[in-house]
Amino acid sequence: MNIGDMNALESFDLSINKLSGELPTSLSRLNFLSSFNVSYNNLTGRVPVCTQLQSFSESSFLGNQLCGASLSDICVPSEVPTHTNRDQNEDNGLEWGLIISIVLGFVTGFWIILAPWILSTSWRTVYFRLMNKLIKGKCVGHAIVILVQRQIGNITYKQQA
C-alpha cells in the first residue's frame, strides 16, 4: 500500500524513529492531515511540494537534512548534466554520416537515371517517344479503357487514327 493512497489520514507522526532516506512524493496527495511530524530522523532531500505539507511548522521537520519551501533551508536546484566533448564529437559524427549517406544516395541515383540519357542517343529517343505518347494520351487512353472494361464489363473501344 502506498502512503499517498490513505486519503482519510488525519495524523502522521513518525518522529524519533531513526528513519532514513527521502520523503515519498506521494505524501503530497494527503489532503486531510491535521498533524504531521517526522522530526529527529535521518531523512534527506526535498519536502514534497503541496499546500498541505507546507502549512506545517518547521518543527515538524527538525533533526533531518530536509529542504523545501516550508523550511529555512532552501533546496539548491539540481544541475542538468552537460555533454562532454566526447559526446559532442559522437553526435557530430552521426550527423556527418547521415549527410554523406544522403548525398551519395542522391548522386548515385541521379546519375543512374541521367547518365544513360546523356550518353546514349537511343535511350534518349525511347524516353522522349514514351513521353510524347503519354502526353498525347494514347497510352493513358488505353490504360483507362482497360480499367473501365474490367470494372464495368466489355465495352468496345475503337481507336481513332
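The values are calculated or read from the model by the stated rules, or taken from the named source; none is laboratory data. All values reported here derive from a predicted model rather than from experimental measurement. Using ideal geometry, Cβ is built from the backbone for each residue, glycine included, and neighbour counts are taken over all protein chains shown.
The table that follows gives values for the structure above.
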read-out: Matching residues in the range 48-75 - criterion: being in contact with a Ser or Thr (Cβ under 7 Å, 6 or more places away or on another chain) and under 17 Å from residue 29 (Cβ atoms); value: 48, 49, 50, 53, 54, 56
read-out: Scan of the range 96-151 for residues that are modelled with pLDDT of 80 or more and in contact with a Leu (Cβ under 7 Å, 6 or more places away or on another chain), ordered by number; value: none
read-out: Inter-residue pairs, beta-carbon under 7 Å, first under 22 Å from residue 112 (Cα atoms) and in the same structural domain as residue 112 (by TED's automatic domain parsing) and in the range 124-146, second modelled with pLDDT of 75 or more and assigned to a helix (DSSP H, G or I), 6+ apart; value: 124/117; 127/117
read-out: Filtered residues of the range 1-30 (kept if under 16 Å from residue 50 (Cα atoms), hydroxyl-bearing (Ser, Thr, Tyr) and touching a residue at least 24 places away in the same chain (Cβ under 8 Å)); value: 26, 28
read-out: Residue match in the range 43-60 (condition: at pLDDT 75 or above, small (Gly, Ala, Ser), surrounded by 11 or more Cβ atoms within 10 Å (Cβ to Cβ) and outside the structural domain of residue 13 (by TED's automatic domain parsing)); value: no
read-out: Qualifying residues in the range 1-48 (those that are among the basic types (Lys, Arg) and touching a strand residue (DSSP E or B) at 6+ places or on another chain (Cβ under 9 Å)) - the one farthest from residue 66 (Cα to Cα); value: 18
read-out: Positions within the range 14-51 being touching a Pro at 6+ places or on another chain (Cβ under 9 Å) and either more than 17 Å from residue 3 (Cα to Cα) or among the β-branched types (Val, Ile, Thr) (or both), in sequence order; value: 25
read-out: Strands (runs of 3 or more DSSP E) within the range 9-49 that include 1 or more residues touching an Asp or Glu at 6+ places or on another chain (Cβ under 7 Å) and more than 14 Å from residue 63 (Cα to Cα); value: 35-37
